[in-house]
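Asker: A single structure is presented below for examination.
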Amino acid sequence: MVEQLGLLTAGAATFILAGLLALAYAGWKGKGFHFLAHTSRKYLFVCGFLFMVNTVSFLLAIGLSTNRTQTVIAGLINNVWPVLSLWLSLFILKKKAKNYLFVGILLAFSGMWLASSNGAIWNYKEMLQTTNLGIYGLALTAAISWALYSNWSHKWAGDQDNAVPLFLLCSGLLLGFLRLFIPETAAPTSATFLGLAYLVVFPTILAYIFWDSAVRKGNLVIVVTLSYFIPLLSTLVSALLLGVLLRPDLWLAAGLVMSGAYICNVSIVD
């Protein structure tokens, strides 16, 4: 679908439709926009901004990748967000941690560095030539923004109604605005619209709403910890879909990120 519509076009259409459908459902349930009057302004504006930063940064990182290997690496870097979420919980949610937390952080960021170096970690000249700092910087920005979003959603929103439908719509509109300045070729088919419908309902509306509800109302440490296997899973799926043969250093990078996230989890004291 992305190849047929273009990344920004597909992203804008997905998020706009998801936002409109979710808002329509809220209206049908009688909630409408009434939740805005009872929702924390910090949650609405700060978390809404971070939601959009995450969406745009990650899509741009994928869209600007010049080859499929860079796409896989960008995805792996983005997946340090569980570690960042746990680390930031020490400052935002006043969690306590044991000393070996920093071992986990070091392992996770070592994995990120290994992945982003494109196999040239011991040759700095080659690394500077093969590493795209812009793409990987966007992927890291997406990870940081999502870690902040998860923590502040938990702190400010709690049991309030989530504003994800509004966040989805605003993210889609922002992507549509960026699409005006970045030309893409669109050649949709009937299968394209079926794929778009699937993306709107399942990976977008349900995934974002369930995650937002989990981090706001549940135990953030447990919720985030259950995501520590995501770097390996998403790297494998991306490689399979893109036909990329994973290098040994990417396997090692995924393992380091996962190990780091696990150690960070067991070091957090509730």
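Asker: Looking only at the stretch 62-95, filter to residues that are modelled with pLDDT of 85 or more and within 11 Å of the chain's Cα centre (by Cα); which one of those is farthest from N265 (Cα to Cα)?
Answerer: N78
Asker: Here's a follow-up. Please go through the stretch 129-153 and pick out each residue that is under 13 Å from K42 (Cα atoms) and surrounded by fewer than 23 Cβ atoms within 10 Å (Cβ to Cβ).
Answerer: L148, W152
Asker: Here's a follow-up. Here's a check for you: in the stretch 25-44, which residue that is at pLDDT 70 or above and more than 26 Å from the chain's Cα centre (by Cα) is farthest from D159 (Cα to Cα)?
Answerer: Going through the qualifying residues, I end up with W28.
The values are calculated or read from the model by the stated rules, or taken from the named source; none is laboratory data. Predicted, not measured: the structure shown is a model, and the values here were computed from it. Glycine also receives a Cβ, built like all others from the backbone with ideal geometry; neighbour counts cover every protein chain displayed.
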